[in-house]
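*Asks:* The structure is given below, and queries will be raised subsequently.
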Amino acid sequence: MSSMMKVSPTIDLVHLRGWVGREQVMEQVIEPFSARALAGLLDRNTAPGNGDPLPLPWHWLYFLDAPARAATGVDGHPLRGGFLPPVPLPRRMWAAGRMQVRAPLLVGRKAQKVSTVRSIDLKDGKTGPLVFVSVEHTLSQDGQTCLVEEQNIVYRDAPTAPAPLPPGEPAPATAEWERGLVPDPALLFRFSALTYNGHRIHYDRDYATKVEFYPALVVHGPLLATLLLDLVQRERPGAAISSFSFRAMRPAFDNAALHVRGTPTAVGADLWTSDAHGFTGMKATVTFA
């Protein structure tokens, strides 16, 4: 075997599945500053204050992990083996998610988040093993469930050299709703700071391009989802959202224009992002109550 050939780590699925059912409980006041800061990032003229409903998915600004530096990996992520299983694959991506909204979270009031590891699965991908971890989050206030969310996290091997991006799916040719922007480093840094996301691919260009071999800084998947929902809230102000789901298709980068687009449906809207080459980056759907 060539010394240059990369060997994937052994995945002990039985051991990892020992994390299924693990639970984490956090409590926090939904303080107004984070909401005001995200409103500024999104170029909104107003921000929710105490007593106002928190827009979706702004709850991602709260209940954040704050690991010590000694508990942080080289990539900027928390070291594995705490609440999440110690998957021995270095690249982690939040690939998809679903939310069911039962009541709005209100700014200025204490809320509780209960997180549970629901499943851990192993699959063979084109570049090696893939481990899929599903986590459920239930957010409540005053004993009432407000939001139930499922996050699908994918772990895979890191590349050893630059590789082409996955084949692109052409984005729909027409959209009724549309906004364009260039996701510059300041935007990515501010979102990283608001969500306490230390992953260096979003702000450290040398690391992103020379270690993980991306062509530029990577736009956060949750930022894309936030921009899609922001589009909905601009086009349908006051509409109550009952569900939202999204799936990452292809990464977006800070060196090219990005468009967030949508088309209304009978029950909500189909949403997507598209890059400068016309490829779909993220697909999403929203339904109204």
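The values are calculated or read from the model by the stated rules, or taken from the named source; none is laboratory data. Remember, predicted model here, so these are calculated numbers, not experimental data. Using ideal geometry, Cβ is built from the backbone for each residue, glycine included, and neighbour counts are taken over all protein chains shown.
*Asks:* Tally time: how many residues in segment 44-80 are on the phi > 0 side of the Ramachandran plot and either modelled with pLDDT of 95 or more or in the same structural domain as G221 (by TED's automatic domain parsing) (or both)?
*Replies:* The qualifying residues number 2.
*Asks:* Here is a check on your reading of the model: is R156 modelled with pLDDT under 95, of a type in the set (D, E, K, R) and crowded, with 16+ Cβ neighbours inside 10 Å?
*Replies:* Taking the combined requirement at face value, the residue satisfies it.
*Asks:* Tell me the residue from D230, D254 that is of a type in the set (D, E, K, R) and in contact with a helix residue (DSSP H, G or I) (Cβ under 7 Å, 6 or more places away or on another chain), please.
*Replies:* D254
*Asks:* Right, another one. All but one of (1) of a type outside the set (D, E); (2) modelled with pLDDT of 95 or more; (3) assigned by TED's automatic domain parsing to the domain that holds G76 hold for L187; which doesn't?
*Replies:* Failed condition: (3).
Listed here are the residues, each with its yes/no results for (1) surrounded by fewer than 16 Cβ atoms within 10 Å (Cβ to Cβ); (2) in a strand (DSSP E or B); (3) more than 19 Å from the chain's Cα centre (by Cα).
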position: L56; (1), (2), (3): no, no, no
position: D75; (1), (2), (3): no, no, no
position: M99; (1), (2), (3): no, yes, no
position: A111; (1), (2), (3): no, yes, yes
position: P129; (1), (2), (3): no, yes, yes
position: V135; (1), (2), (3): no, yes, no
position: S140; (1), (2), (3): no, yes, yes
position: T145; (1), (2), (3): yes, yes, yes
position: E149; (1), (2), (3): no, yes, no
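*Asks:* Does segment 83-96 contain any residue that is modelled with pLDDT of 95 or more, outside any helix (DSSP H, G or I) and not assigned by TED's automatic domain parsing to the domain that holds S274? Show your work before the answer.
*Replies:* Start the filter on segment 83-96 by keeping residues that are modelled with pLDDT of 95 or more, which leaves 96.
Narrowing further to those that are outside any helix (DSSP H, G or I): 96.
Those still in the list that are not assigned by TED's automatic domain parsing to the domain that holds S274 too: 96.
Checking segment 83-96: at least one residue is modelled with pLDDT of 95 or more, outside any helix (DSSP H, G or I) and not assigned by TED's automatic domain parsing to the domain that holds S274.
*Asks:* What are the residue pairs meeting all of these: first residue in segment 243-258, first residue within 18 Å of A269 (Cβ to Cβ), second residue hydroxyl-bearing (S, T, Y), Cβ atoms under 6 Å, and 6 or more apart or on different chains?
*Replies:* Cβ pairs passing all conditions: S243/T287; S245/T285; M249/T280.
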